[in-house]
Amino acid sequence: GNHSYSHPNLTLISPREVQIELIRTNTILEAITKKKVTFFRPPGGQFNSTVNSIANNLGLKTIFWTINAKDYLRSDTRALIENNDHKRDMLPLADYILQKLKPGSIILLHNGSRETNKALPLIIEGAHKKGYRFITLNNLLTK
């Protein structure tokens, strides 16, 4: 899916710049995959009606996550979570995700993190042990 070309806050740039970001990324992804890009996740989840309209006009369905492990915030194998009192507690990344996992969950993880790479096999194994399976967004949205 499309996540923009240069990862800006799309709500802070002009509509034309948003369009250029998305078209440029679609062009590259489609050249590599030979498939039409159909999904879009705005950087940081930051969007507004203009960004949404531009994405829709380009045939992109905006998709968000249900579990944000916040793996981009830490340099170790722990994910930050917020309690009801808004204090931050720590749990290992895989444990945090597996506790939050529900049918239809979309997990937000980031590539390039050594900790995420270490946690991913544990997440996959733990999800399978709980009876979950991983499917594509297309399959999830058509169920």
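The values are calculated or read from the model by the stated rules, or taken from the named source; none is laboratory data. Note that the coordinates shown come from a computational prediction; the quantities given were computed from them, not determined experimentally. We work out accessible area using only protein heavy atoms, side chains counted, and drop any ligands, DNA or RNA first. Shrake-Rupley method; radii C 1.70, N 1.55, O 1.52, S 1.80 Å.
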State all residues of region 1-29 that are of a type in the set (Val, Ile, Thr) and open to solvent by less than 30 Å² (accessible area, probe 1.4 Å); if no residue qualifies, say none. Val18, Thr25
Matching helices (runs of 4 or more DSSP H) fully within region 30-143 where at least 3 residues are open to solvent by 50 Å² or more (accessible area, probe 1.4 Å) and at pLDDT 95 or above: 49-57, 114-129
